[in-house]
Amino acid sequence: MTDSIRQVFANRKLRDYATGYAFVIPALVMYVIFVVYPFFYTIYLSLTKWDGAKPVKEFVGFLNYERLFADPRLWSALSHNLIWIVLGTVTPVAIGLFLGVLLWRGLRGMVFFRTVYFLPVVLAPVAVGIIWKWMYNPQFGPINSTLRAVGLDVLAKGWLGDPYVALPALIFAGVWGYFGFCFVVIMAGLQNIDMEQIDAALVDGANGPQRLWYIIIPGLRHVLTMITAFTLILGVNVFDIIWITTRGGPGRATHVIATYTYNTAFRESYVGYGSALAIVMGTVSLVVSFIFISIRERGGD
Amino acid sequence: MESHVGASYQVARRPRRPARYWIARAVLYGVLILFALYVLVPFMWVIFTALKSNYEIAQDPLGLPPNWRFENLAQAWNQGKFSRYFINSVIVTVPIVLLVVSLSCLAGYGLARLKMPGRMLIFYFFLVGLMVPFTAIMIPLFYILRDIGVLGTYWAMILPQTAISLPFGIFFMRAFFSGLPYDLTDAAKIDGCNDFGVFRRVMLPLAGPAVAALVVFNFMGSWNAFLLPLIYLQSDKLRPVMTGMMFFTTRWGPDYSMSMAGTLIVMAPIMAVYLVFQRQFIQGLTAGAVRG
C-alpha cells in the first residue's frame, strides 16, 4: 500500500520534472549549438593557424596570444575603444541627465521633445553612420557648406579623412544616435524621486546644483549605473557605425577591436589570429560586465 | 527662515510671474530647442538632398529643394533593388521574432514557475550568454553554418540571430512570470489544467505587454543587424536592407542624389512605424536598460 503510493508519487514527480524540461529544452538546444559550442570553438581556433580553407588546422599552442602582446594594431584598436567608451558614455549620459532634469517636472511641449530626442534611437547604427558620412562630406556636406557660407573656410575639412578628427567625429555621430535613449531611461528614473525631499530642500534654501548633487543623483544611482554599464558594453562592441563610414581608416585611425577582428578573420583570412582577437574582445566584455554586476550587488539594490 | 516660507506660500497662492521667470523659461526652451535641432537638422538635410538633382545639390547644398523631385525615390527604389532587400529583411525578421518570443516565453516560464532539478543552474547558464558578445562567436559560426549546409539560405541568419537573442528574452520573460501571483495557477490547476494548459490559458494571456516589448526589441535587433548578415548572408539575393544599403551607397557613392534617396528609403518606414507606435517603441527599446 505505502509502496504503491510512494511509487505513484515518484512517477508524478518525474512527470513534473519532464514537463519543466520540456519547456526549457528547445531554447537550450538552440543556445548550446549556436552560442556555447561556437564559443569553445573560438577558443580552439585561437590555438591554431588556419586560413579558413585548408583541410588541416595547424595547432600552434599559445603562439597567437604571444603575438597579440606585440601587435601595435591591437593596442591602437583598444585605445580607440577606450576613447569611444569614455567620450561615448560620458557625453550621452550627461546630456540625458541634463535634459531629464530640465524636463522632469513637466513642461508644455514635453511629448514633442521626447519624440524628437528618441527619433534617432530607432534608426539602425548603419543608417546613423550613413547620414553622418554625408553630413561630414567634404564637398557638399552641410557642415562644410555652413562653415563656408559664414566665411569660416579654414575650418572646413574632410572630417572623416583626417586621422585626428575622424574618431571624435564618429563619436559625435554615435552620441547623436544614442543620447535620446539615455534621456528616456533617466526620465523614467526621475519619476521615482521623492518630491517631498525636493520641496524640503527648497525650503531649506538648497540651490539647483545642491539639489542635483544631494537628492537627484543619489535617487538615480541605480538607473545611472545601469545605463552606464549598458553604454560601456556598447562601446566595447562598437562596429556598425565605423564599418559603414570609414572601415577603420584613414590608415588605422578608427579601427576598434571589433573591426580589427572582423577584418583579420574574414577579409585577410587569418582565422586563428582573428579568433585570438575575438577571445580578447570576449574577455574585455566579460570583465566590464562583471565589474558592473559586482558594483550593483555592493550597492545593495 | 520663516520669512522664506511665507514668501513661497505667497507665490503659491497668487502666482505673480516676475521677469526672471520669463527669462528662465526662454533659456530653458532655448536649450531644449537647440538639442531638438541637433537631432532634426540631419534628418531635414537628408530629406531635402534626396529630393534634389545632383546639379541642384552642387548649386545649393543647404537650402530647400527648388523642385521636389519625388521621382528620385522611385528611381533609387528600382535601381537599388530595394524591394528585394526589404523582402529579404521581412523573410529573416519574422521567423526570428516568432522563434525568440515563443522559445523565451516557454523557457522563461519553465525557469520561473516549474519544478525541476538544476533550475537555477540552467538559468545562470543562459545568463552567461548575456555577456558573450557576438564577435566572440562569429568566426566559428561561419564554419558551423557552412558545415550544416545552411550557408546560402536565410537560415544562416535566422538560426544564429535567434540563438544570440535568447539569453535576454529568457531573462526578461522569467522576470515577468516570476512576478505573477501564484493563486491564479493554483486555481487553474484545481480546475484540471495541466502545466501547459496553465501556461497557455492563464499565464500567456497576462503576458501581453511583456511580449509586446520583447517583440519590438527583437524586431529592431534583427531588422537593424549589420555584422551578422554581412558575414552569413553574402549573396546579393539574400541581402537584407542594412547590408543592401551598404552596397547601394558604395556603388552609387558619387551620385549624391541617388545615395540620399536610398538613405531616405531605408529610414522612412521605421520612422513612420515609430511615430505611430511611439509608446511601444520606447518601452520595448528601453526594456533592456530599465529592467536588465
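Determine, for each peptide in B:230-241, A:12-23, the mean count of other beta carbons within 10 angstrom over its residues, then list the peptides with the highest first.
On the way: B:230-241: 19.6, A:12-23: 14.8.
Per-residue mean Cβ counts within 10 Å order the peptides as B:230-241, A:12-23.
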Seminar exercise, completed: Once amide hydrogens are built 1.01 Å from N within the peptide plane, the residues lying 5 or more places from A:THR48 or on another chain with amide H under 5 Å from its amide H are A:VAL60
Problem set entry | Accessible solvent surface per residue of region A:71-299, calculated while the other protein chains remain in place, 1.4 angstrom probe, Å² | 42
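State whether the protein assembly as shown is rounded, prolate or oblate according to the following rule on the C-alpha gyration tensor (a ≥ b ≥ c being the square roots of its eigenvalues): a/c under 1.5 gives rounded; otherwise a/b larger than b/c gives prolate, and the remaining case gives oblate. Can you show the working numbers first?
Details: a/c = 1.69, a/b = 1.11, b/c = 1.52.
Judged from the Cα gyration tensor, the protein assembly as shown comes out oblate (a/c at least 1.5, b/c at or above a/b).
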For this session: Putting +1 on Lys and Arg Cβ atoms and -1 on Asp and Glu Cβ atoms, find which of A:LEU234, A:LEU87, A:GLY248 reaches farthest to the positive end of the dipole of region A:71-299.
Result: A:GLY248
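Given a cut-off of 22 Å, name the pairs among A:LYS133/A:LYS157; A:LYS133/B:LYS52; A:LYS13/B:LYS189; B:LYS52/B:LYS237 whose C-alpha atoms lie farther apart than that in the structure shown. All intermediate terms of the calculation are to be shown ahead of the outcome.
Working: A:LYS133/A:LYS157 13 Å; A:LYS133/B:LYS52 18 Å; A:LYS13/B:LYS189 16 Å; B:LYS52/B:LYS237 30 Å.
Going by Cα-Cα distance, B:LYS52/B:LYS237 fall outside the 22 Å limit.
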Exercise. Taking the simple approach of a point 7 Å from Cα along Cα-to-Cβ for both A:TYR65 and A:LYS13, what is their distance in nm?
Worked result: 4.4
Seminar exercise, completed: The alpha-carbon center of region B:238-263 and that of region A:154-178 are separated, in whole Å, by 21
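Counting only other chains, and only Cβ atoms inside 10 Å, what mean value do you get across the residues of A:258-266?
Working: counts 5, 2, 0, 4, 6, 0, 1, 6, 6.
That works out to 3 on average.
Rounded to the nearest 100 Å², what's the accessible area chains B and A bury against each other, both chains counted, probe 1.4 Å?
Its buried surface, counting both partners, is about 8200 Å².
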Exercise. How well do other chains shield peptide B:105-113, expressed as the mean number of their Cβ atoms within 10 Å of each residue Cβ?
Worked result: 4
Exercise. How many percent of the accessible area of region B:21-102 is carbon or sulfur, using a 1.4 Å probe?
Worked result: 75
Exercise. Going from most exposed to least, what order do B:VAL266, A:VAL154, A:VAL284 have by accessible area with a 1.4 Å probe?
Worked result: A:VAL154, A:VAL284, B:VAL266
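So what's the convex hull volume per residue for the Cα atoms of chain A, in Å³?
In chain A, the Cα hull volume divided by residue count equals 255 Å³.
Rounded to the nearest 500, what is chain A's calculated 222 nm mean residue ellipticity when only DSSP H runs of at least 4 contribute -39500 (n - 2.57) each, over all residues?
Numbers: 14 runs with 202 residues, N = 301.
After summing the helix terms and dividing by the residues of chain A, the value is -22000 deg cm²/dmol.
Assign unit charges at the C-beta atoms only (+1 for Lys and Arg, -1 for Asp and Glu), then state the dipole size of the protein assembly as shown relative to its Cα centre in Debye, rounded to the nearest 20. Let's see the in-between values first.
Numbers: 45 positive and 27 negative charges, 118 e Å.
For this selection, approximately 560 debye.
Determine the shape class of region B:159-292: with a ≥ b ≥ c the square roots of the Cα gyration tensor eigenvalues, call it rounded for a/c under 1.5, and otherwise prolate if a/b is greater than b/c, oblate otherwise. Before the final figure, lay out each step's value.
On the way: a/c = 3.52, a/b = 2.46, b/c = 1.43.
Judged from the Cα gyration tensor, region B:159-292 comes out prolate (a/c at least 1.5, a/b above b/c).
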Problem set entry | chain B, helix-only ellipticity at 222 nm - DSSP H runs n ≥ 4, -39,500 (n - 2.57), divided by all residues, nearest 500 | -24500 deg cm²/dmol
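Which whole number gives the average, over all residues in B:143-155, of C-beta atoms from other chains lying within 10 Å of the residue C-beta?
Values: counts 6, 5, 2, 1, 0, 1, 0, 0, 0, 0, 0, 0, 0.
Mean number of neighbouring Cβ atoms from other chains: 1.
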Seminar exercise, completed: Scoring chain B by relative contact order with C-alpha pairs under 8 Å, at least six apart, yields a percentage of 29
Problem set entry | Of B:TRP77, B:TYR55, B:VAL216, farthest towards positive along the dipole that unit charges on Lys, Arg, Asp, Glu beta carbons give chain B | B:VAL216
Exercise. Residue by residue, what Karplus-based ³J(HN,Hα) values in Hz, rounded to whole numbers, does region A:252-257 have, using 6.51, -1.76 and 1.60 with θ = phi - 60° and x for Gly and Pro?
Worked result: 10, 5, 10, 5, 10, 4
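Please work out how much length the chain gains when fully extended from B:LEU62 to B:LEU28, using 0.36 nm per residue of separation minus the C-alpha to C-alpha distance, in nm with one decimal. Don't jump to the answer; show the numbers that get you there.
Details: separation 34, 0.36 × 34 = 12.24 nm, distance 2.79 nm.
Stretched out fully, the B:LEU62 to B:LEU28 stretch lengthens by 9.4 nm.
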Seminar exercise, completed: Placing each pseudo-label 7 Å from Cα in the direction of the beta carbon, A:ASP153 and A:TRP213 end up separated by a distance in nanometres of 4.8
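What do you reckon, how do B:ASP191, A:ASP194 stack up by accessible area (1.4 Å probe), largest on top?
From most accessible down to least: B:ASP191, A:ASP194.
What percentage of the solvent-accessible surface of region A:71-299, computed with a 1.4 Å probe over protein heavy atoms, is contributed by carbon and sulfur atoms? The partial results should precede the final answer.
Details: 6270 of 9580 Å².
Accessible surface attributable to carbon and sulfur in region A:71-299 totals 65 percent.
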Problem set entry | A:ILE242, A:ILE215, A:ILE233, ranked by accessible area, largest first (probe 1.4 Å) | A:ILE233, A:ILE215, A:ILE242
For this session: Report relative contact order for region A:71-299 in percent, whole number only (criteria: Cα-Cα under 8 Å, sequence separation at least 6).
Result: 29
Exercise. How many angstrom separate the Cα center of region A:247-293 from the Cα center of region B:106-131?
Worked result: 30
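Could you calculate the FRET efficiency of A:VAL111 with B:TYR21 from 1/(1 + (r/R0)^6), where r is the beta carbon distance between them and R0 is 25 Å, rounded to 0.05?
Working: r = 23 Å, r/R0 = 0.91.
Between A:VAL111 and B:TYR21 the formula returns 0.65.
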For this session: Quick one: what are the phi-derived ³J(HN,Hα) couplings along region B:52-67, Karplus 6.51/-1.76/1.60 with θ = phi - 60°, whole Hz, x for glycine and proline?
Result: 9, 8, 4, 4, 5, 5, 5, 5, 8, x, 9, x, 5, x, x, 10
For this session: Quick one: plug the Kirkwood hydrodynamic radius of region A:185-238 (C-alpha pairs) into Stokes-Einstein at 10 °C, 1.306 mPa s, and report D in µm²/s.
Result: 129
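What FRET efficiency comes out for B:SER235 versus B:ASN78 if R0 is 25 angstrom and r is the Cβ-Cβ distance? Round to the nearest 0.05. Kindly include the intermediate steps, with their values, before the conclusion.
Values: r = 21 Å, r/R0 = 0.82.
Rounded to the nearest 0.05, the efficiency is 0.75.
The values are calculated or read from the model by the stated rules, or taken from the named source; none is laboratory data. Quick caveat, the model's predicted, so the values are computed rather than measured. In this analysis, Cβ positions are derived from the backbone assuming ideal geometry, glycine residues included, and neighbour counts consider all displayed protein chains. Quick note on the areas: whole protein, heavy atoms, side chains included, nothing else; ligands and nucleic acids left out. Shrake-Rupley method; radii C 1.70, N 1.55, O 1.52, S 1.80 Å.
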